[in-house]
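Trainee: I am attaching a structure below and will ask some questions about it afterwards.
The numbers here are math on the coordinates, done by the rules we state, and not lab data. Please read all numbers here as calculations on a predicted model, not as lab measurements.
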Amino acid sequence: MTGRVMDLAGAYADRLGVETSDHVGNELVAQFEHLSRLVLSGDLAAMRPGAMSAEAATAYGELWVLTAFLSDASTALTGSEAIR
């Protein structure tokens, strides 16, 4: 751990595997749009319990990332920043 302060976009560039922090917003929007389409189409609700498609698994991962981002954004807005 280096102890250097990293802004929210920089932290998520690392987590999302995007080249620069400039691309973080676009990646989060793309993940949200994919998740929204899947949920609104009813594809997740139509699945049998215990059966998960690759697309549903991807959507679950996107939901996890978006939830973590919102939590981290809330923390950043209250004055804390991610430290690496």
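Trainee: How large is ³J(HN,Hα), in whole Hz, for each residue of segment 16-22 in order, when computed from phi with the Karplus curve 6.51 cos²θ - 1.76 cosθ + 1.60 and θ = phi - 60°, using x for Gly and Pro?
Mentor: 8, x, 8, 5, 9, 5, 5
Trainee: Still on this structure: Explain nothing, just compute: Karplus ³J(HN,Hα) = 6.51 cos²θ - 1.76 cosθ + 1.60, θ = phi - 60°, for every residue of segment 57-70 in order, whole Hz, x for Gly and Pro.
Mentor: Once rounded to whole Hz, the list reads 5, 4, 4, 4, x, 5, 4, 4, 5, 5, 5, 5, 4, 4.
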